[in-house]
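Q: Have a look at the structure that comes next, please.
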Amino acid sequence: MKNQRGSERFDDFARVVCPSLCIVSGSLTDISDTGFKAEFSAPCTVDTEKEYEIQLRLSRISSEVLELLAQPVWSDFNESEGKTSIGFSILHSKDSARLNSYIKMLKADKSDEKNGGLISIDTDSLFI
């Protein structure tokens, strides 16, 4: 599925908080500037016509929360594992600029990894 996407996705981890979607917090598994995938360890009632306010507590910048408006594009409940996977499209949000800065940091880190460098965690440039 990743090969069909227009935007590059990055494996990352974050806590996904959306009480209107699921009573338990979920975890982000990948993210791009246009969307992300989250997994919840509970059944969720997903309305693909609805927009949800979502908070992402990113692992690399744990003190900051990104507040995004997102719309589910697809969902899948795995009955044997008891978990719901949801693919979200990110709509224009309050923290869109901060998300784009974070994605740029992920791209730079990926490039540095390929070149044998260290991963940077430059949070100063994210929150000026």
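Q: Does the range 1-96 come out rounded, prolate or oblate by the C-alpha gyration tensor, with a ≥ b ≥ c the root eigenvalues, rounded set by a/c under 1.5 and, if not, prolate when a/b is larger than b/c and oblate if not?
A: Judged from the Cα gyration tensor, the range 1-96 comes out rounded (a/c under 1.5).
Q: Report the accessible area of K50, computed with a 1.4 Å probe over the heavy atoms of all protein chains in place, in Å² rounded to the nearest 10.
A: Counting only protein heavy atoms, the figure is 90 Å².
Q: Also, quick follow-up: Using a 1.4 Å probe and ignoring any ligands, DNA or RNA, find the accessible area of S59 and quote it in Å² to the nearest 10.
A: Approximately 60 Å² for this residue.
Q: Per residue, how much accessible surface does the range 4-98 expose to a 1.4 Å probe? Answer in Å², no decimals.
A: Roughly 53 Å² per residue, with all protein chains present.
Q: Report the local net charge at Q71: Lys and Arg +1, Asp and Glu -1, summed over other residues whose C-beta lies under 13 Å from its C-beta.
A: Taking every other residue near Q71 into account, the sum is -3.
Q: Just to confirm a number: summing +1 for Lys and Arg and -1 for Asp and Glu over residues other than F40 whose beta-carbon lies under 13 angstrom from that of F40, what do you get?
A: 0
Q: May I pose another question? Report the extension gain between E67 and T48 in nm, rounded to one decimal, defined as 0.36 nm multiplied by the number of residues separating them, less their alpha carbon distance.
A: 4.9 nm
Q: To continue, here is another question. Once fully extended, how much extra length lies between K104 and D11, figured as 0.36 nm per residue of separation less the alpha-carbon to alpha-carbon distance?
A: Going from the current span to full extension adds 32.1 nm.
Q: How large, in percent, is the carbon and sulfur part of the accessible surface of the range 1-89 at a probe radius of 1.4 Å?
A: Answer for the range 1-89: carbon and sulfur cover 42 percent of the accessible area.
Q: Extension gain Q55-H92, at 0.36 nm per residue separation less the Cα-Cα distance, in nm?
A: So the chain would gain 11.9 nm between Q55 and H92.
The values are calculated or read from the model by the stated rules, or taken from the named source; none is laboratory data. Just so you know, these numbers come straight off a predicted model, no measurement behind them. Here the Cβ is made from the backbone with ideal geometry for all residues, glycine too, and neighbour counts use every protein chain on show. Just the protein is used for accessible areas: all its heavy atoms, side chains included, with ligands, DNA and RNA removed. Shrake-Rupley method; radii C 1.70, N 1.55, O 1.52, S 1.80 Å.
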